[in-house]
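> Quick one: the structure is below, questions incoming.
The values are calculated or read from the model by the stated rules, or taken from the named source; none is laboratory data. All values reported here derive from a predicted model rather than from experimental measurement. All Cβ positions, even for glycine, are placed from backbone atoms using ideal geometry, and neighbour counts span all protein chains on display. Areas reflect the complete protein model, heavy atoms only, side chains present, ligands, DNA and RNA absent. Shrake-Rupley method; radii C 1.70, N 1.55, O 1.52, S 1.80 Å.
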Amino acid sequence: MKSLFEYRANDKNFWNEEFEDWIPKRIFDSHVHLINNDIISKNSIHKDIYPNEPLSKIKEWHRTVFPNREVNSLIIGKPLIGTDVNAHNDFIHSEINGDPLIRSHRLTTPKDSLIDIESDIRKKGFQGLKVYRYFSSTGDPNECSITDYLPHNQLELANELGLWITLHMAKQDGCGDEENLKDLEEFTTKRYPNIKWILAHIARSFTYRPIEKGIDKLKNLPNIWYDLSAVTDIRPFITLFNNENHKRIFYGTDGIESVSFHGAYNAFGHAHQQLETDKISSLKFSHTTNRPIICLYEQLIAMKQASKICELNKNQIEDIFWKNAIREFNIPWD
């Protein structure tokens, strides 16, 4: 199987020019996946579409893309169709092997029993749940509501245990959707006040509109955090940095497979699409010696430029890259 990514001279040069003096020496990656194809059904559309990603490969990748940085992670369950959920969570647990600097969220579907969920939380050290729209009980992963893939009985257990939940919202406008906003307001202020929410991908804002529509409501809700993973459009970062408390923002990559291609998640009006430059034959770049960079660096340069526009200082940048995570996740990182 083809390698997940090729780290090229242009990537290294871009790091040295743009990031070496800007990115802190410590990083906590709050959105990382492990993959084990052995526990995915042979009939699944997701079987073997990515190489296996054990923790050792994650660490190797981190050393490559973040040179001379100390990186630790929040490992969240990988939502691939056909995955044996219990086996996947056992795999995460065995890979982490009690590392005090790593945290994990349990892959969780609506079909999972409360007994299994609670047992994994208490015995395997998961601090939260990773839920995903693919597993919607409606069969529609695009227009489903939060409770279609995170039912109330699981929410009640998460509230009782005080868990984190990493949430990838569905619907056209993600966090800008009125039903999603109404649900989050009800969950955080009334029904489930002990749950702590991480809204992945700037609350699924790969374009500017979701966060633009949702920020005025979200910024006033308790127990809301965001991860920045895989967003490459500068506009959502500007909106978030200008309006939110930076203490509620976690850095994350969505590594390895989702951000290692050369290209970006491009916005086209209110739509977005992953574009891999290696697959576009018309791109010749005859006018320049510069070449496309890995998607991860497109995310980082958007963050960097937005932080300048929003006048974030060095301490705020460090908070986003690692201090917020070690504070909120109780990580003993001296």
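> Please go through the range 35-57 and pick out each residue that is in a helix (DSSP H, G or I), in contact with a helix residue (DSSP H, G or I) (Cβ under 9 Å, 6 or more places away or on another chain) and over 11 Å from Phe91 (Cβ atoms).
Selection gives Ser56 alone.
> List the number of the failed condition for Asp84; all other conditions in (1) open to solvent by 20 Å² or more (accessible area, probe 1.4 Å); (2) free of Cβ contacts under 8 Å to residues at least 40 places away in the same chain hold.
Status for Asp84: all satisfied but (2).
> Could you go through the range 13-34 and let me know if any residue there is in a loop (DSSP other than H, G, I, E, B), under 21 Å from the mean Cα position of the chain (by Cα), under 22 Å from Trp164 (Cα atoms) and of a type in the set (Asp, Glu).
So far as the range 13-34 goes, no, none of its residues is in a loop (DSSP other than H, G, I, E, B), under 21 Å from the mean Cα position of the chain (by Cα), under 22 Å from Trp164 (Cα atoms) and of a type in the set (Asp, Glu).
> Take the residues in the range 137-152 that are within 18 Å of Trp197 (Cβ to Cβ) and of a type in the set (Ser, Thr, Tyr), then tell me which one is most open to solvent (accessible area, probe 1.4 Å).
Ranking the candidates gives Thr147 first.
> Moving to a separate point now. So Phe187 fits all but one of (1) touching a strand residue (DSSP E or B) at 6+ places or on another chain (Cβ under 7 Å); (2) open to solvent by less than 20 Å² (accessible area, probe 1.4 Å); what number is the exception?
(1)
> Going by what's in this entry, would Asp90 be described as closer than 30 Å to Glu118 by Cβ, open to solvent by 30 Å² or more (accessible area, probe 1.4 Å) and either free of Cβ contacts under 8 Å to residues at least 60 places away in the same chain or part of a strand (DSSP E or B) (or both)?
yes
> Which members of the range 190-237 meet the condition of being open to solvent by 10 Å² or more (accessible area, probe 1.4 Å), closer than 20 Å to Lys130 by Cα and of a type in the set (Phe, Trp, Tyr)?
Passing the criteria: Phe206, Trp225.
> Looking only at the range 256-290, count every residue that is within 17 Å of Arg8 (Cβ to Cβ) and buried (at least 17 other Cβ atoms within 10 Å of the Cβ) and tell me the total.
Result for the range 256-290: 7.
> Determine which member of the set Ile331, Ile326, Ile320 is among the hydrophobic types (A, V, I, L, M, F, W, C), under 27 Å from Asp99 (Cα atoms) and either outside any helix (DSSP H, G or I) or over 17 Å from the mean Cα position of the chain (by Cα) (or both).
Just a single option satisfies the conditions, and that option is Ile331.
> Condition test on Leu55, is it touching a residue at least 24 places away in the same chain (Cβ under 8 Å), in contact with a Lys or Arg (Cβ under 9 Å, 6 or more places away or on another chain) and on the phi < 0 side of the Ramachandran plot?
no
> Take Val259 and tell me if it is part of a loop (DSSP other than H, G, I, E, B), free of Cβ contacts under 8 Å to residues at least 60 places away in the same chain, within 19 Å of Ile320 (Cβ to Cβ) and hydrophobic (A, V, I, L, M, F, W, C).
yes
Each row is one residue, and each column tells you yes or no for (1) under 17 Å from the mean Cα position of the chain (by Cα); (2) outside any helix (DSSP H, G or I); (3) on the phi < 0 side of the Ramachandran plot.
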position: Leu74; (1), (2), (3): yes, yes, yes
position: Lys78; (1), (2), (3): yes, yes, yes
position: Thr109; (1), (2), (3): no, yes, yes
position: Phe126; (1), (2), (3): yes, yes, yes
position: Tyr134; (1), (2), (3): yes, no, yes
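> Report every pair of residues separated by at least 6 positions or lying on different chains whose Cβ atoms are under 7 Å apart, first residue within the range 27-49 and free of Cβ contacts under 8 Å to residues at least 40 places away in the same chain, second among the β-branched types (Val, Ile, Thr) and open to solvent by less than 30 Å² (accessible area, probe 1.4 Å).
His46/Ile40; Lys47/Ile40
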